[in-house]
Amino acid sequence: MRLLPVATEGELAREAADLVAQALRRRPDAALVCATGRTPLGAYAELARRRLDPGRARVFQLDGYLGVADDDPRSLYGWLDRALLAPLGIAPGQVVRLREDTPEPEAECARYEAAAAQAGGWDLAVLGLGPNGHLGFNEPPSPPDAPTRVVTLSPESLRSNRAYFPPAYPVPERAMTAGMRLILGARRILLLVSGERKRAILRRVLDGPPTPWLPASYLATHRDAWIIADRAALGPE
Ligand code: PGA
């Protein structure tokens, strides 16, 4: 695991965009898994500003709430579409979704696992850090071999996700998430961390040791995991 400290959120966005662009230069049909949440938005906007050619990239949706239609403001597919897929011109056929309104979530998770295996695993994972150390919706405790599955969200995740949507839309309590096994199997992982509110949890991730109670701590066991963190998240030297 390597730490790439940057000064500002803008610099974080540029560094992350550089690494995504590099992955696509190396392999135009790279398989990427891309988080929603606020932290990666700057990187996605930077990629759109550079008019990055997404080539034949395949993009996997990292997670999604159960029982939410595509046109619901809580759809994480909708969020990914607005933030990344549409601005970069990534076609629906290039995207592997976790369909949030599926009547059969377990089968949806199995289909997703099969698509990831068929892609030969992921070349790059672009992730944010949950307030409780989750990756995707792998809530504590999540072992490193956790499969893609249906999960119940923790009170901390419900609280922090509350801020994403209008008050009339309660945060669904159940979700689907790419499993830890797939995430940790990605050939490169970028964990983007920004802002003072992530300082304490980032400190715990950096201090280790790896534990299911802090899923992001397993990045320490990965060969090519980068934590790109701004000064606000890292705190004083
Ligand atoms: P954030 O969310 O990027 O909006 O901070 C990260 C997460 O909760 O996984």
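Some points to look at:
- Restricting segment 154-180 to residues that are open to solvent by 10 Å² or more (accessible area, probe 1.4 Å) and of a type in the set (A, V, I, L, M, F, W, C), the residue that is farthest from the ligand (Cβ to nearest atom): Ala168
- Test: residue in segment 203-210 that is buried (at least 17 other Cβ atoms within 10 Å of the Cβ) and within 12 Å of the ligand (Cβ to nearest atom): no
- For segment 92-109, filtering for residues that are outside any loop (DSSP other than H, G, I, E, B) and either within 19 Å of Pro54 (Cβ to Cβ) or touching a residue at least 12 places away in the same chain (Cβ under 8 Å) (or both) leaves 9.
Yes/no per residue for (1) under 20 Å from Thr148 (Cβ atoms); (2) within 16 Å of the ligand (Cβ to nearest atom):
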position	(1), (2)
Ala35	yes, yes
Gly42	no, yes
Leu47	no, no
Leu66	yes, no
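- Qualifying positions in segment 143-153 - touching a strand residue (DSSP E or B) at 6+ places or on another chain (Cβ under 8 Å) and either among the small types (Gly, Ala, Ser) or away from the ligand (no atom under 12 Å from the Cβ) (or both): Ala146, Thr148, Arg149, Val150, Val151, Thr152
- Evaluated against (1) in contact with a strand residue (DSSP E or B) (Cβ under 9 Å, 6 or more places away or on another chain); (2) farther than 26 Å from Ala107 by Cα; (3) buried (at least 18 other Cβ atoms within 10 Å of the Cβ), Leu214 falls short on exactly one condition, (1).
- Checking Gln22, Gln61, Gln94 one by one, the residue that is within 16 Å of the ligand (Cβ to nearest atom) and polar (S, T, N, Q) is Gln61 and no other.
- Of all residues in segment 138-154, those that are touching a residue at least 12 places away in the same chain (Cβ under 8 Å) have Cβ atoms under 7 Å from Cβ atoms of residues that are assigned to a loop (DSSP other than H, G, I, E, B) and open to solvent by 50 Å² or more (accessible area, probe 1.4 Å), 6 or more apart or on another chain, in Pro140/Trp213; Pro141/Trp213; Thr152/Glu173; Leu153/Glu173.
- Considering Val20, Val68, Val59, Val33, the condition of being in contact (Cβ under 8 Å) with a residue 24 or more places away in the chain, crowded, with 18+ Cβ neighbours inside 10 Å and in a helix (DSSP H, G or I) is satisfied by Val20 alone.
- Being farther than 30 Å from Arg14 by Cβ, modelled with pLDDT of 95 or more and open to solvent by less than 50 Å² (accessible area, probe 1.4 Å) holds for only one residue in Ala119, Ala110, Ala115, Ala125, and it is Ala115.
The values are calculated or read from the model by the stated rules, or taken from the named source; none is laboratory data. Just so we're clear, the structure is a prediction, and the values are computed from it rather than from any experiment. Counting neighbours? That spans all protein chains shown, and the Cβs are built from the backbone with ideal geometry, glycine included. Ligands, DNA and RNA are excluded from the accessible area calculation, which covers all protein heavy atoms including side chains. Shrake-Rupley method; radii C 1.70, N 1.55, O 1.52, S 1.80 Å.
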